[in-house]
Amino acid sequence: MAGLVVILEKHFALYGAYHSNPTNIFIHMLFVWPIFFTSLLLLYFTPPILAAPPIQLGSETLLVFNYGFLLALIYGLFYVGLDRKAGSFAALICFLCWVSSSRLARLLGFSMAWKVVLAAQLFCWTGQFTGHGVFEKRAPALLDNLTQAFLMAPFFVLLEALQSFFGYEPYPGFHASVEAKIKFEINEWKEKKKKKKKKKKKKKKKKKKIS
């Protein structure tokens, strides 16, 4: 249990250090899950990965155990491993996203689906990068840790929403502990940024002296 607590706090604090501005957090709440959903929408057209037959209703294929199913399964299991209560809720959302995206993909067909996915992804990613550039004033987490950023994003915004609207915590003191870690991470990043600026100034001065 103690190990899981440390892992959850570590993941959440690392991601939270890149998402501390309220406006940026709200933007991510709006756009993160649609990115996940539309990714599943496109993955519906990948081949089956299991020998199990697809789930059918009469002659209509409802669900196919393809790479979309695998992605939803990985995300769901990862979230349950981090926190049973909120993780189970997140896993349910992942499952519902897989089911509903499969349904929509069948209705649209590949020729229309990829256009919908492209438009949605461009819109959502533009919104998120704007949030980082304009409000957070820090590059997205994916530029430093791609896997961690993609895995944590949906769970982060869900936990943020549960905490903001219902006061939910995976365990007592979680929010205070994570906030302290986030502040430490941000201060550390600011210090590194200052040092880089000082180094650049020194280099410029040296170049001027040489010239």
Report task. Would you mind telling me which numbered condition in (1) within 30 Å of Lys85 (Cβ to Cβ); (2) touching a residue at least 12 places away in the same chain (Cβ under 8 Å) Ala113 fails? Result -> (1)
Query raised in the report: For segment 110-163, how many residues are outside any helix (DSSP H, G or I) and either modelled with pLDDT of 95 or more or surrounded by 14 or more Cβ atoms within 10 Å (Cβ to Cβ) (or both)?
Result: 3
Requested in this report: Output the residues belonging to segment 145-174 that are without any contact (Cβ under 8 Å) to a residue 24 or more places away in the chain and more than 24 Å from Leu73 (Cβ to Cβ).
Outcome: Gln163, Ser164, Phe165, Phe166, Gly167, Glu169, Pro172, Gly173
**Report entry** Given (1) part of a helix (DSSP H, G or I); (2) farther than 17 Å from Leu40 by Cβ; (3) among the charged types (D, E, K, R); (4) touching a residue at least 24 places away in the same chain (Cβ under 8 Å), number of the condition Arg103 does not satisfy
**Finding:** (2)
Query raised in the report: When Tyr75 is evaluated against the numbered criteria (1) among the aromatic types (Phe, Trp, Tyr); (2) more than 24 Å from Ser164 (Cβ to Cβ); (3) surrounded by 16 or more Cβ atoms within 10 Å (Cβ to Cβ), which criterion, by number, is the only one it fails?
Result: (2)
Query raised in the report: Among the residues of segment 165-172, is any hydroxyl-bearing (Ser, Thr, Tyr), surrounded by 11 or more Cβ atoms within 10 Å (Cβ to Cβ), at pLDDT below 90 and part of a loop (DSSP other than H, G, I, E, B)?
Result: yes
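The values are calculated or read from the model by the stated rules, or taken from the named source; none is laboratory data. Just so we're clear, the structure is a prediction, and the values are computed from it rather than from any experiment. So basically every Cβ, Gly included, is an ideal-geometry build from the backbone, and we count neighbours across all protein chains shown.
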